[in-house]
Amino acid sequence: MAEGLRERKKRQTRQYISDVATGLFLERGFEAVTVAEVARAADVSVNTVYNYFPAKEDLFLDRSKGVTDRLSRWVRGRRDGESAAYAVLRELRDEVESVSPRVGLMDGYAGFMKVVHESPALRSRMWAIGQEVLVNLEVTLREETGAAPGDSLPGLMAGQINWLHGTVMMGIGQRMVAGGRPAEVSREMLLLLDEMEELLSARVLNYAVRGAE
């Protein structure tokens, strides 16, 4: 019980520091705010900030873990008879149709993306997160299909499937920054998903079907 309480306090402290930092970044921009200023505003030491967040970028992109393994989770959770690509298409459609904040369909996301666009450091970290998503997906596809170590197909398929996710996320960000409303952008992205599905080859759409011999 005591250990559980300590872990909860740590989570609360981490979230509080992140919330304080995010408020400062949204107000003044990422580059203009120092870690020392975040520490002062949160009433903690600089060392405490770094104990929870190894890099300044982590203060703003503190939920990246939920993104880096997103496609892998969706592929592992695909239904019987469903391919990897169709699982990702289904999950993306569900998120977009439900106007989910998990894909940026929420008020305030334009401000978040504006901070990212204005910061070379954050843009670089976002690129690195995208690469991690791709690498994780390739590893998952190899495991799910039993592909040999030298087989290039899982990597090629990961690139095609990751294109779906990356294009939708980029489209949402661009349209929200341009002043789009979440429900409006949702409708636009559903149409885009239909168009992207039509562009994928049958080989991609039928790769890694669960239960196929």
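The values are calculated or read from the model by the stated rules, or taken from the named source; none is laboratory data. Note that this is a predicted model, so its numbers are computed, not measured. Backbone-built Cβ (ideal geometry, glycine too); neighbour counts: all protein chains shown. These accessible areas exclude ligands, DNA and RNA; they are computed on the full protein's heavy atoms, side chains included. Shrake-Rupley method; radii C 1.70, N 1.55, O 1.52, S 1.80 Å.
Helical runs (DSSP H, four residues minimum) scored at -39500 (n - 2.57) apiece and divided by the length of the chain put the mean residue ellipticity at 222 nm at -23000 deg cm²/dmol.
Applying a DSSP loop filter and a limit of 15 other Cβ atoms within 10 Å to the GluC sites (Glu not before Pro) in segment 1-65 leaves Glu31. Toward the positive end of the charge dipole of segment 30-137, with +1 on the Cβ of Lys and Arg and -1 on the Cβ of Asp and Glu, the farthest Cα among Tyr52, Val38, Ile129 is that of Ile129. Gain on full extension, evaluated as 0.36 nm per residue between Ile129 and Val177 minus their Cα-Cα distance, stands at 15.2 nm.
Around the Cα centre of the chain, unit charges on the Cβ atoms of Lys, Arg, Asp and Glu (plus for the first two, minus for the last two) sum to a dipole of about 620 debye.
The mean accessible area for residues of the chain, using a 1.4 Å probe and ignoring ligands and nucleic acids, is 54 Å² per residue.
Any chance you could check the Cα centroid distance between segment 95-125 and segment 149-213 for me, in angstrom? Cα centres, segment 95-125 to segment 149-213: 18 Å. Which shape class, rounded, prolate or oblate, goes with segment 41-113 when its Cα gyration tensor gives a ≥ b ≥ c as root eigenvalues, a/c under 1.5 marks rounded, and past that a/b bigger than b/c marks prolate? Judged from the Cα gyration tensor, segment 41-113 comes out oblate (a/c at least 1.5, b/c at or above a/b).
Note on the chain: Cα-Cα pairs beyond 31 Å make up 31% of the total pair count. Springs between Cα atoms under 10 Å define the GNM used for the chain, and in it the highest mean-square fluctuation of Asn51, Asn136, Asn162 occurs at Asn51. In segment 125-202, inverting the average of 1/r over every pair of distinct C-alpha atoms gives 14.1 Å as the Kirkwood radius. Number of Lys-Lys pairs in the chain with C-alpha atoms under 19 Å apart and a separation of 8 or more places or on different chains: 4.
Using a simple charge model, +1 on the beta-carbon of Lys and Arg, -1 on the beta-carbon of Asp and Glu, nothing else, what dipole does segment 78-175 show about its Cα centre, in debye to the nearest 20? Show your work: numbers first, answer last.
Working: 10 positive and 13 negative charges, 71 e Å.
Using only the charged Cβ atoms, the result is roughly 340 debye.
Its relative contact order, with pairs defined as Cα atoms under 8 Å and 6+ residues apart, puts segment 44-182 at 33 percent.
With R₀ fixed at 45 Å, the C-beta to C-beta distance from Ala212 to Glu27 puts the FRET efficiency at about 0.30.
Taking segment 69-129, which GluC sites (Glu not before Pro) meet the DSSP loop condition and have no more than 15 other C-beta atoms within 10 Å? Of the GluC sites (Glu not before Pro), the ones in loops of segment 69-129 whose Cβ has at most 15 other Cβ atoms within 10 Å are Glu118.
Computed in the context of the full set of protein chains, the accessible area of the chain at 1.4 Å probe radius has 52% of its extent on carbon or sulfur.
Between the Cα long axis of helix 84-97 and the first principal axis of the chain there is an angle of about 50°, rounded to the nearest 10. Model label points for Thr167 and Asp194, set 7 angstrom from Cα along the Cα-to-Cβ axis, are 1.5 nm apart.
Dipole orientation for the chain: of the candidates Thr145, Pro120, Gln174, Pro120 has the Cα lying most toward the positive pole (charges on Cβ; Lys, Arg +1; Asp, Glu -1).
Each label was represented as a point 7 Å from its Cα along the Cα-to-Cβ direction; for Ser98 and Asp43 these points are 3.7 nm apart.
Which residues make up the longest stretch of the chain that has no trypsin sites (Lys or Arg not before Pro) in a DSSP loop with at most 14 other Cβ atoms within 10 Å? For trypsin sites (Lys or Arg not before Pro) (loop position, at most 14 other Cβ atoms within 10 Å), the longest site-free span of the chain is 80-213.
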